[in-house]
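A quick write-up on the structure given underneath.
The values are calculated or read from the model by the stated rules, or taken from the named source; none is laboratory data. All values reported here derive from a predicted model rather than from experimental measurement. Note: areas computed on protein heavy atoms with side chains; ligands, DNA, RNA excluded. Shrake-Rupley method; radii C 1.70, N 1.55, O 1.52, S 1.80 Å.
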Amino acid sequence: MNTKKYMSILSALACVAIVGTVSCGSDEDSKDMTYPEISGQGITPNPVDCQQYKRGEVIPVDYILTDNEELGAYNIEIHSNSDHHSHSTSPVECEEHEHEDEHKEAVKPWVFNESHNIPAGQRKFEVRQDIVIPEDIDAGDYHFMLRVTDRAGWQQLKAVSIEITE
């Protein structure tokens, strides 16, 4: 087996391991060395750091995804931050909440995780989605995370802190 073929197979295996369901494409795509971007340019992005929502309400998601070559997929994840961990993609610190010092065990934390493929050939895509907050979950601090992966396998993450109240 020649070196080029061996490297191509290794590259494909690494791509599957890193990206999961998004294919990384051919050797031509491997020249794409630029991360995709997540922005609010030209729109009012949502959610943003420190926003508050009530159980039963809707979180309207609105962001612009771009890539210099071709987008692949995006993922939205929302999870409890009752242990006050950080994903450090934003320098914004939210005002302390009454329950913040409690560090209690979550009883019914909310976990939302949904992935979507972006139609082939797209270099710009607007994520517009309404997510209904269940009424029977723990109130408290949560992280909203948006990940975008381009066709070459590069990924970008935007993580914001939100609060869900009674």
Subset of the range 127-137 that is part of a strand (DSSP E or B) and open to solvent by 70 Å² or more (accessible area, probe 1.4 Å) - its residue that is nearest to G72 (Cα to Cα): R128
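Being part of a loop (DSSP other than H, G, I, E, B) and of a type in the set (D, E, K, R) is the filter here, so list the residues in the range 62-77 that pass it. Write out each step before concluding.
Here is the first cut: in the range 62-77, the ones part of a loop (DSSP other than H, G, I, E, B) are 67-70.
Of everything in the range 62-77, those that are part of a loop (DSSP other than H, G, I, E, B) and of a type in the set (D, E, K, R) turn out to be D67, E69, E70.
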